[in-house]
Amino acid sequence: MLGWCKLALTQKNLRKLFILNCLLITAEAFLLMHAPDAILKSSDSALHTLMKSSELADGMSKLFHYSKNGETVEGFLIRYQGKVYAYVNLCPHAYEPIVLGSQSAFNSDKRYIVCREHFAMFNPETGVCVSGPCPIADLVKIDVLEQDGTIFLVL
Ligand code: FES
């Protein structure tokens, strides 16, 4: 009888361990799908100087380039209500650049980022599409940090 109880407990514990393991695998898969940069950042983050804070006044935008996984990525910085944000310079509608040359990323009243191709509009703080032909995709955010009068790219 005692031997049978030990076996039952062992099977019960194994089932608990199996369920716990499944939960951990699911949580890890979720994190990899939804926050891969955050996971990488915790072990590998590095700061790269982009420009002085004084070079990006409120309502302005500027292009920059960086290398990721051997490929050159074009991004653009904006300063919106005092804070700096950065996005990959590709519109999720037809993959045209949001910013060309020295043109502004903002619409005329500087409340939204606007794509000049078909006029999709995006929230400057989140990159979420708020109007126009981009119903299921948003801008891809790039991590930046402003510190001691300098804007850094966080890779
Ligand atoms: S490419 Fe940007 S709205 Fe069409």
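The values are calculated or read from the model by the stated rules, or taken from the named source; none is laboratory data. Since the model is a prediction, treat every value here as computed from it, not as a measurement. Please note: Cβ atoms are built from the backbone with ideal geometry, for glycine as well, and neighbour counts cover all protein chains shown.
Might you let me know whether region 56-68 holds any residue that is assigned by TED's automatic domain parsing to the domain that holds residue 140, over 20 Å from residue 127 (Cβ atoms) and in a strand (DSSP E or B)? Within region 56-68, one or more residues are assigned by TED's automatic domain parsing to the domain that holds residue 140, over 20 Å from residue 127 (Cβ atoms) and in a strand (DSSP E or B).
Scan region 135-155 for residues that are outside any strand (DSSP E or B) and not aliphatic (A, V, I, L, M) and the total you get is 5. Checked against (1) within 16 Å of the ligand (Cβ to nearest atom); (2) at pLDDT 95 or above, residue 148 passes all but condition (1).
Within region 119-126, not a single residue is surrounded by 15 or more Cβ atoms within 10 Å (Cβ to Cβ) and of a type in the set (Ser, Thr, Tyr). Flag: residue 82 does not match the condition of being surrounded by 10 or more Cβ atoms within 10 Å (Cβ to Cβ), among the small types (Gly, Ala, Ser) and at pLDDT 95 or above. Applying the criterion of being of a type in the set (Ser, Thr, Tyr) and assigned to a loop (DSSP other than H, G, I, E, B) to the residues of region 84-126, the residue that is farthest from the ligand (Cβ to nearest atom) is 102. When the residues of region 26-77 are filtered to those that are β-branched (Val, Ile, Thr) and over 14 Å from the mean Cα position of the chain (by Cα), which remaining residue is modelled with the lowest pLDDT? Here the residue is 26.
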